Amino acid sequence: MTNASDAKQFSCWLNNSKSDSEKHQRLTCLYTMLRYIQQVGYTEAFNKIIILVSKDHIKLFEQLMDNYNDISLPTRKLTLLGNQIHPYLNELYINGNLDSDVINILVRRQLLHLWKGDNLIHLRLLLPMCNILLKWDHSVSNATNQPSTVTFNRQIYNPLELVESEDMPLLAQLADLDESKRKGLVLGCVDFALRPKRPLNWHGIHKDYKLWLSLLKLWWHTKTEHSNSMKMTLVALIISFLKHALLDTYGETKGKIS
Amino acid sequence: MSNNEIEQELEECQQFYKELLMINQFFEQPYGIPSPEFCFSRLTYPLAVHLSQSKYFWKDIENFCLGHKFLFEFIKEFYDFFVTNIPPSFE
């Protein structure tokens, strides 16, 4: 085992965890490699590790590395109006920071096509984002008579008509927005979904819990009458979140997280 | 022990999680969102089923809190917050 400062704690944690010996080996290997790379730097670590790859496998290894490095969208993916996906979206997507469903909105004009539910709160939550996407798609296209619509649950909706977009940024402006504006936009989507209720007052609620509270709020408002099952589901969601996010210690010892 | 309605409600809630994640990602993640396993753990569904079949579910919750009154009151406050919609600071 490495001479890392937390080797003993790692060992202790591993021995106390419920996993089989194969998982033990894999975890130990990952941990050792990580500490080694952190210790010697990635260049030296790579140089030392690469000589362990046999000559027969070097070419395959390099191919694998290239595959990891080159995962941009296939160039054949164009929006419905024939535009290349905007670099802002492409960048997020290839770094694994954007759900492909968002790209799908532009490519197929479909919203949540795998979701079988029909509650319109899901649609309204995503309409502001659709507005920004479609506005961009239509602004850079020459096809002037194409409808600016999306399909949700086999129904057609027009985000450019359903969302007032005077305060909405353009897609090209998103990269330059400061964090507080972007936070406002996220919460704005939640507010839009919950209309016609009054906008939520987030004052005093910690930023780490705003989205969790939004989640429960959105779900709770899918029904106007709440059955006993739904009430007990709410209680269970509250309790399991409190337990796992705030109470479970995951191996904390004497106030330090190991 | 199973309850179709509870399963469907949890699926709907999980769908909202996915959508909030999408929106947060689209705006370059200005917020941290709790991991899905914190929001929907293996505890959630059986707990919901158990509570829905219990006659005295507040008693059950109190027992679950192992006598920690503060925790129990906190859970109750959260529940009231959603069910009764009273606190003006949120509406």
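For B:Pro46, which of the numbered conditions (1) more than 23 Å from A:Glu179 (Cβ to Cβ); (2) more than 7 Å from chain A (Cβ to nearest Cβ); (3) without any contact (Cβ under 8 Å) to a residue 24 or more places away in the chain fails to hold? Among (1) more than 23 Å from A:Glu179 (Cβ to Cβ); (2) more than 7 Å from chain A (Cβ to nearest Cβ); (3) without any contact (Cβ under 8 Å) to a residue 24 or more places away in the chain, B:Pro46 violates only (3).
Conditions tested, residue by residue: (1) among the acidic types (Asp, Glu); (2) without any contact (Cβ under 8 Å) to a residue 40 or more places away in the chain; (3) under 30 Å from A:Arg108 (Cα atoms).
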{"position": "A:Ala7", "(1), (2), (3)": "no, yes, no"}
{"position": "A:Asp20", "(1), (2), (3)": "yes, yes, no"}
{"position": "A:Cys29", "(1), (2), (3)": "no, yes, no"}
{"position": "A:Ser54", "(1), (2), (3)": "no, yes, no"}
{"position": "A:Tyr88", "(1), (2), (3)": "no, no, yes"}
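Checking each residue in region B:1-28 for being within 7 Å of chain A (Cβ to nearest Cβ) and part of a loop (DSSP other than H, G, I, E, B) picks out B:Asn3, B:Phe27, B:Glu28. The set of residues in region B:50-63 that are touching an Asp or Glu at 6+ places or on another chain (Cβ under 9 Å), in a helix (DSSP H, G or I) and more than 7 Å from chain A (Cβ to nearest Cβ) contains only B:His50. If the condition is being surrounded by fewer than 16 Cβ atoms within 10 Å (Cβ to Cβ) and either within 15 Å of the chain's Cα centre (by Cα) or part of a helix (DSSP H, G or I) (or both), then region B:29-42 contributes B:Ser35, B:Pro36, B:Glu37, B:Arg42. All told, A:Ile94 meets the bar of being farther than 24 Å from A:Leu216 by Cα, more than 10 Å from chain B (Cβ to nearest Cβ) and either surrounded by fewer than 15 Cβ atoms within 10 Å (Cβ to Cβ) or among the small types (Gly, Ala, Ser) (or both).
Laboratory data are not the source of any read-out in this text; all were calculated from the coordinates shown. What you see is a predicted model, and the numbers here were worked out from it, not measured in a lab. Reconstructed Cβ throughout: ideal geometry from the backbone, glycine too, with neighbour counts over all protein chains shown.
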